[in-house]
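Notes to accompany the following structure.
The values are calculated or read from the model by the stated rules, or taken from the named source; none is laboratory data. Here the structure is a predicted model, which is why all the values come from computation and not from measurement. No Cβ is skipped: glycine too gets one built from the backbone with ideal geometry, and neighbour counts run over all protein chains shown.
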Amino acid sequence: TTNDPYVSAIPKIELHIHIEGIISADLKWKFSQRNAQPITNPRTNQPFSSLEELRDSHDTLKPRAGNRMDNSEETLSFFEAYYGGFEALKTTRDYYDLAMEYYERAAGMNVRYAEIFFDPQGHTRVGTSWETMMEGFRAAQGKAERELDVKSAWIMCFLRDESLESATQHYNAALKYRDMIIGIGLDSNEVGRPPSLFDGVFARARNDGFRLTAHCDVGKHYPLDHIHQVALGIAGIGADRIDHGLNAAGDASLTTLIKSKELGMTICPWSYIRHQPLDEVFGRIRALFDAGIMISIGSDDPAFMEDTWVLENLLVVKKYCGFTNVEVQKLAENAINMCWASGGAKERMM
Ligand code: ADE
Ligand code: ZN
């Protein structure tokens, strides 16, 4: 599927990638061995005893596995597998290696710039300090810019299933790293957790000059009202982007609102096809594109899909939306317009 020289060669900007979403079972195992830090299987409360056992349980919501999702007694849910990786990371070197994994992959796909999500609350709650995390990221970020020609900035996400108090504490800690952090996002389990819960801290972040975005997940569990809050409510006037938000394609007034506010949406097709019908997913992506809404393509959590990075995500929309090369190029250009790098930096990027 990667034999598409045109799409491979396009200079790319990636705006929806979780650094923790690249932690494959193998990478998790590498950190865990190096640190002599066992990883707990949340289903048994015992440590995983082999890489094979870890791979099996990590082999979660894979789209091509069809009904694997229903077989959930054996496989971990996405969030169990995802957060189960955090405890294996202990040292600055681990965070450096993790980020370098991404930057090297990115360079190979012609990614020139990325705004990368990270989830600090997930790390501090298993005992890692901000400093350990950020100094590893900082060293990798510098090396990638100097040696791989991949520039980047970080988006700190609040875990929406944690409290406002915890979000506020982490926001205060982030201020020390504002030279690295360009924006504030909202992710994790959305059920019963509307963006408005975090309005106070988002308003502060906006005042302090951060850009804002929030996840609105895809499927019937996720109300349109959350998208409405992100588009119009957060920090009084709404966020700067929407992450996912594909449910909006089924609602004329919401698509009109998103278009009139010129809000960009980051779309990650491989994340949706693991639990939504193909024709609905690609019909909706095509509808947003045809309505003139600014969408860009990201990879979300490549290690938890089919090892699908931004290139594979572009290829799957090209195929199933029937996009021409010119239309795929337009998706890449949308990412330039949606990104938060300064104007001069943008021009030098592409
Ligand atoms: N954090 C990492 N990946 C996520 C996803 N796909 N949805 C919500 N939160 C996430
Ligand atoms: Zn995401």
For segment 243-264, give me the residue count where each residue is within 24 Å of residue 13 (Cα to Cα) and assigned to a loop (DSSP other than H, G, I, E, B). 4
Filter result for residue 346 (of a type in the set (Lys, Arg) and either closer than 27 Å to residue 180 by Cβ or not in a helix (DSSP H, G or I) (or both)): yes
Got at least one residue in segment 162-181 being closer than 22 Å to residue 13 by Cα and among the small types (Gly, Ala, Ser)? no
Restricting segment 1-33 to residues that are of a type in the set (Gly, Ala, Ser) and away from ligand 2 (no atom under 16 Å from the Cβ), which is surrounded by the most Cβ atoms within 10 Å (Cβ to Cβ)? 25
Could we say that residue 112 is over 16 Å from the mean Cα position of the chain (by Cα), in a strand (DSSP E or B) and of a type outside the set (Ser, Thr, Tyr) here? yes
Out of (1) assigned to a loop (DSSP other than H, G, I, E, B); (2) away from ligand 1 (no atom under 16 Å from the Cβ); (3) under 18 Å from the mean Cα position of the chain (by Cα), the odd one out for residue 311 is which? (1)
I'd like to know if segment 261-270 contains one or more residues that are in contact (Cβ under 8 Å) with a residue 40 or more places away in the chain and farther than 23 Å from residue 107 by Cα. yes
Selection from segment 245-268 of residues closer than 19 Å to residue 220 by Cβ, surrounded by 23 or more Cβ atoms within 10 Å (Cβ to Cβ) and either in contact with a His (Cβ under 6 Å, 6 or more places away or on another chain) or at pLDDT below 95 (or both) yields 268
Take the residues in segment 1-46 that are at pLDDT 95 or above and in a strand (DSSP E or B); name whichever of them is farthest from residue 79 (Cα to Cα). 12
Within segment 277-297, is even one residue assigned to a loop (DSSP other than H, G, I, E, B), within 16 Å of ligand 2 (Cβ to nearest atom) and surrounded by 20 or more Cβ atoms within 10 Å (Cβ to Cβ)? no
Considering segment 184-213 alone, what residues qualify as being within 16 Å of ligand 1 (Cβ to nearest atom) and not hydrophobic (A, V, I, L, M, F, W, C)? 185, 187, 188, 189, 190, 192, 193, 194, 195, 213
Just to be sure I understand the filter: pairs with C-beta atoms under 6 Å, separated by 6 or more residues or on different chains, first member in segment 135-156 and under 16 Å from residue 340 (Cβ atoms), second member modelled with pLDDT under 95. Which pairs pass? none
Which of the residues that make up segment 256-285 are touching a helix residue (DSSP H, G or I) at 6+ places or on another chain (Cβ under 7 Å), away from ligand 1 (no atom under 16 Å from the Cβ) and farther than 23 Å from residue 239 by Cα? 278, 282
Could you look through segment 207-244, keep only residues that are of a type in the set (Val, Ile, Thr) and within 20 Å of residue 301 (Cα to Cα), and pick out the one that is surrounded by the fewest Cβ atoms within 10 Å (Cβ to Cβ)? 218
Residue 36 vs. criteria of a type in the set (A, V, I, L, M, F, W, C), surrounded by fewer than 17 Cβ atoms within 10 Å (Cβ to Cβ) and free of Cβ contacts under 8 Å to residues at least 12 places away in the same chain: yes
Counting only residues that are among the β-branched types (Val, Ile, Thr) and in a loop (DSSP other than H, G, I, E, B), which one in segment 115-141 is surrounded by the fewest Cβ atoms within 10 Å (Cβ to Cβ)? 126
Among (1) of a type outside the set (Ser, Thr, Tyr); (2) under 18 Å from the mean Cα position of the chain (by Cα); (3) within 21 Å of residue 160 (Cα to Cα), residue 269 falls short only on (3)
Any residue at all in segment 152-163 that is among the small types (Gly, Ala, Ser) and within 16 Å of ligand 1 (Cβ to nearest atom)? no
Taking the conditions exactly as written (within 16 Å of ligand 2 (Cβ to nearest atom) and under 19 Å from residue 235 (Cα atoms)), does residue 202 satisfy them or not? no
